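Okay, so here's the structure we're looking at.
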Amino acid sequence: MSDEMRPCLRQQALIAEVQRHLVRLAQLARAEAELVGGPSDAWLAVDKEIELEIGEKERSMGALRQHREEHGC
Ligand SMILES: [Zn+2]
């Protein structure tokens, strides 16, 4: 396997991080869908978590984009 073919381990880790946030967002969205319409403190708490999680997902995607640009992988 040439160097070009070898998967970049750092990129793999960054991709896994993005995927972890996306899966978490899907879980939170499903939870909010169940809760919305019920007591508002319950679904507003989940809604706040979604906002925070979106921020973390954006940061992890930014880190992935930046790594790919800088590393050329
Ligand atoms: Zn890389």
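The values are calculated or read from the model by the stated rules, or taken from the named source; none is laboratory data. On a predicted model such as this, the values are computed, not experimentally measured, just so you know. Every residue, glycine as well, gets a Cβ built from its backbone with ideal geometry; the counts of neighbours run over all protein chains shown.
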Are any residues in the stretch 1-49 within 16 Å of the ligand (Cβ to nearest atom), over 11 Å from the mean Cα position of the chain (by Cα) and without any contact (Cβ under 8 Å) to a residue 24 or more places away in the chain, and if so, which ones? M1, S2, D3, E4, M5, R6, P7, L9, Q12, A13
Pick from the stretch 50-69 the residues that are surrounded by fewer than 15 Cβ atoms within 10 Å (Cβ to Cβ) and acidic (D, E): which of them is farthest from the ligand (Cβ to nearest atom)? E51
Within the stretch 26-46, can you find the residues that are out of contact with any Leu (no Cβ under 8 Å at 6 or more places or on another chain), surrounded by fewer than 15 Cβ atoms within 10 Å (Cβ to Cβ) and in a helix (DSSP H, G or I)? A26, Q27, A29, R30, A33, E34, S40, D41, L44, A45
Checked pairs for the stretch 59-73, first under 15 Å from A16 (Cβ atoms) and at pLDDT 95 or above, second assigned to a helix (DSSP H, G or I) and more than 10 Å from the ligand (Cβ to nearest atom), C-beta under 6 Å and 6 or more apart or across chains, list as S60/E17; S60/V18; S60/H21; M61/V18; L64/V18
Quick one: G72 ticks every box in (1) at negative phi; (2) within 16 Å of the ligand (Cβ to nearest atom) bar one, so which box is it? (1)
Count, please, the residues in the stretch 1-25 that happen to be outside any helix (DSSP H, G or I) and under 23 Å from E69 (Cβ atoms). 7
